[in-house]
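Accompanying notes for the structure given below.
The values are calculated or read from the model by the stated rules, or taken from the named source; none is laboratory data. What you are looking at is a predicted structure, and each value in this text was computed from that prediction instead of being measured. Neighbour counts are summed over all protein chains in view; Cβ atoms, including those assigned to glycine, are modelled from backbone coordinates with ideal geometry.
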Amino acid sequence: MASVSAPVSAAHRRADRSLADRHAGYVAEIERIIDATYRVIERTGNVDPTMRDILREAQLSTPAFYRHFRSKDELFVMLLDDGRRRLASSIARRMTRETTGAGKLRAWISAVLAQARDATVSARTRPFVASIDRLVERYPAEHRVSEQLLLDQLADVITNSPDLVSADALADANAIYQLAFGALAWHLRNRSSPRPADIDHLVDFATRALTTGSLPATKSSATKSSATKSSATKPNGGTT
């Protein structure tokens, strides 16, 4: 005879409904805080808006904010994480349209720098460039998780693309990451937009590094080369 499960009590049903209602209310509050933060940033151009301005825009109280975040920095690191995850999803879609490693590499770099070409996106991204050092120091684990998503995309392309050559895919991915995000940060700080030629130059630079198959000179060989060049230079600056 099949067993019959015990019926859920009215108290449990009421509690589940109350929790669902509370969850929906909390989600709505968090969304209001997020939307208000972006609106304040876009309207004022302030890269470090005050909590007071954010809550006034959201029409929420200070206790409502602290129900969800321990500080403004915790709000910012959540927004940074969300932005990186959205970027990773956008990059993944772009990559599916490419058939070569070089094409996927171009898609990744172009998507990163595109954040400085769109006025709305650049306004929303600029505050995180201004506060990134503070956020990384206070929330290193959260920073690493979302950063690793983007690094893994690059490393996967480098590792699995026959047209790209690398002795250390993760190290090369990190170098390209630093180049692309360094260029993005420069444009955001200077409120400039990268030209297509700027993007092409960075893409071509990274692609050449991964398609030549050549290894960088070792420290000893570089020193030897420098010494040879120095010995061939006359004191007056001329060469033999």
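Suppose the filter is of a type in the set (S, T, N, Q) and more than 15 Å from the chain's Cα centre (by Cα); does residue 146 pass it?
On the way: of a type in the set (S, T, N, Q): yes; more than 15 Å from the chain's Cα centre (by Cα): no.
No: the conditions fail for residue 146.
When segment 116-137 is examined, which residues are found to be assigned to a helix (DSSP H, G or I) and acidic (Asp, Glu)? Within segment 116-137, 133, 137 qualify.
Residues in segment 152-169 that are aliphatic (A, V, I, L, M) and buried (at least 16 other Cβ atoms within 10 Å of the Cβ): 154, 155, 157, 158, 164, 165, 169. Residue count for segment 21-58, restricted to those that are of a type in the set (Phe, Trp, Tyr) and over 20 Å from residue 123 (Cα atoms): 1. If only residues of segment 62-115 that are in contact (Cβ under 8 Å) with a residue 24 or more places away in the chain and outside any helix (DSSP H, G or I) are counted, the one that is farthest from residue 172 (Cα to Cα) is 67. Considering (1) at pLDDT below 90; (2) of a type outside the set (Val, Ile, Thr); (3) under 30 Å from residue 112 (Cα atoms), the lone condition that residue 35 does not fulfil carries the number (1).
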